[in-house]
Amino acid sequence: MNINIRKANYNDIDTLAQLYDDLNDYLEQHINYPGWRKGGYPTKEDALHFYESGTLYIAEIGAKMVGSVALTHEPEPENENWLICADDNEIFVIHILAAHPDFIRQGVGSALLQFAETQAKLQNIKSIRLDVYEKNLPAINAYEKSGYQFIDKVDIGLSEFGLDLFCLYEKVIL
C-alpha cells in the first residue's frame, strides 16, 4: 500500500476534522486506548492550530485521507531525564498521530513515524519526543518497535478526564 504524506493545506481541515470524528466514534465503540473523546480531542480546532503553525501533515492513499500528524517544536513537559539536551528548535514533538479507523493496523502510523524521522534528519533535528497515555498499549508498542525509548511517566494535567499519567518517549536522531 502506497502511503503519501504531505503538508496539510486549508482545504484539508474539514476532511481531517471528519477523520478525527470517525476515529473518536470508533474509539467509543472499542477499547479507547488513547482516551480521546469526540468534541474533546482531537478536534477541528486542533487541526487548525497545527495547520496555522505550518506543522500539520496528512497521510493519503490515493485521494483518501487516512491519517495525520503534527511535528512541532513545542516542548513536552519539562523533564530532566531526556536523552538529549536540546533547544526547542532542535527537537520535534509529535502531536495527534492518528489513522482513520478503516486504516488502523495497515501501516499508516508506522509511515507517519518514518516520515517524522526523515523530516528530522533533513532539518538537523536532534531528537523526536512525544507523550502517550500510559494505558495506550498499542501506541506504546508501536513507538518502542520504532526505536523510541521510554523516559518517564508524568502528570500532564488531564486527570479530570481520567487520564492520570502519560509516558514520555524520545528517539535520538543521528
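The values are calculated or read from the model by the stated rules, or taken from the named source; none is laboratory data. Note that the structure is a prediction, hence the values are computed from the model and not measured. Reconstructed Cβ throughout: ideal geometry from the backbone, glycine too, with neighbour counts over all protein chains shown.
Does segment 29-41 include one or more residues that are closer than 24 Å to L168 by Cβ and either at pLDDT 95 or above or touching a strand residue (DSSP E or B) at 6+ places or on another chain (Cβ under 6 Å) (or both)?
So in segment 29-41, the residues closer than 24 Å to L168 by Cβ come out as 31-37, 40-41.
Those left that are additionally either at pLDDT 95 or above or touching a strand residue (DSSP E or B) at 6+ places or on another chain (Cβ under 6 Å) (or both): 34-35.
Checked against the condition, which is being closer than 24 Å to L168 by Cβ and either at pLDDT 95 or above or touching a strand residue (DSSP E or B) at 6+ places or on another chain (Cβ under 6 Å) (or both), segment 29-41 yields at least one hit.
Would you tally the residues in segment 77-93 being assigned to a loop (DSSP other than H, G, I, E, B) and either in contact with a Ser or Thr (Cβ under 9 Å, 6 or more places away or on another chain) or buried (at least 20 other Cβ atoms within 10 Å of the Cβ) (or both)?
Pass one, segment 77-93, residues assigned to a loop (DSSP other than H, G, I, E, B): 77-87.
Still in the list and also either in contact with a Ser or Thr (Cβ under 9 Å, 6 or more places away or on another chain) or buried (at least 20 other Cβ atoms within 10 Å of the Cβ) (or both): 82-84, 86.
Total satisfying the criteria: 4.
How many residues are in contact with an Asp or Glu (Cβ under 9 Å, 6 or more places away or on another chain), surrounded by 14 or more Cβ atoms within 10 Å (Cβ to Cβ), modelled with pLDDT of 95 or more and of a type outside the set (S, T, N, Q) when one looks only at segment 62-76?
Qualifying residue count for the region: 5.
Looking at segment 42-61, which of its residues are in contact (Cβ under 8 Å) with a residue 40 or more places away in the chain and either surrounded by fewer than 12 Cβ atoms within 10 Å (Cβ to Cβ) or part of a strand (DSSP E or B) (or both)?
G54, L56, Y57, I58, A59, E60, I61
T15 is checked against (1) touching a strand residue (DSSP E or B) at 6+ places or on another chain (Cβ under 7 Å); (2) β-branched (V, I, T); (3) not in a helix (DSSP H, G or I) and fails just one. What number does that condition carry?
Exception for T15: condition (3).
Any chance segment 107-119 includes a residue that's surrounded by fewer than 18 Cβ atoms within 10 Å (Cβ to Cβ), within 19 Å of Y20 (Cα to Cα) and not basic (K, R)?
Checked segment 107-119: at least one residue is surrounded by fewer than 18 Cβ atoms within 10 Å (Cβ to Cβ), within 19 Å of Y20 (Cα to Cα) and not basic (K, R).
So which residues in segment 142-168 are exposed (fewer than 15 other Cβ atoms within 10 Å of the Cβ) and under 22 Å from I91 (Cα atoms)?
E144, K145, G147, Q149, F150, K153, D155, I156
Name the strands (runs of 3 or more DSSP E) wholly within segment 94-174 that hold at least 2 residues that are farther than 22 Å from F50 by Cβ and over 16 Å from the mean Cα position of the chain (by Cα)?
Output list reads 149-154.
E28: over 14 Å from the mean Cα position of the chain (by Cα) and either closer than 16 Å to I94 by Cβ or assigned to a strand (DSSP E or B) (or both), yes or no?
The answer is no for E28.
Would a scan of segment 69-91 turn up a residue that is of a type outside the set (A, V, I, L, M, F, W, C), under 12 Å from the mean Cα position of the chain (by Cα) and under 19 Å from D21 (Cβ atoms)?
Within segment 69-91, not a single residue is of a type outside the set (A, V, I, L, M, F, W, C), under 12 Å from the mean Cα position of the chain (by Cα) and under 19 Å from D21 (Cβ atoms).
Mind checking which residues of segment 37-70 are within 24 Å of N89 (Cβ to Cβ) and of a type in the set (A, V, I, L, M, F, W, C)? Explain how you work it out, then say what you get.
Of segment 37-70, the ones within 24 Å of N89 (Cβ to Cβ) are 46-58, 68-70.
Within segment 37-70, A47, L48, F50, L56, I58, V69, A70 qualify.
Taking interchain pairs and intrachain pairs at least six residues apart, which have beta carbon atoms under 9 angstrom, with the first residue in segment 1-14 and closer than 11 Å to Y57 by Cβ and the second modelled with pLDDT of 95 or more and among the charged types (D, E, K, R)?
Final answer for the pair search is N4/E60; I5/E60; R6/E60.
Answer yes or no as to whether V154 is of a type outside the set (F, W, Y), over 30 Å from M1 (Cα atoms) and touching a residue at least 12 places away in the same chain (Cβ under 8 Å).
yes
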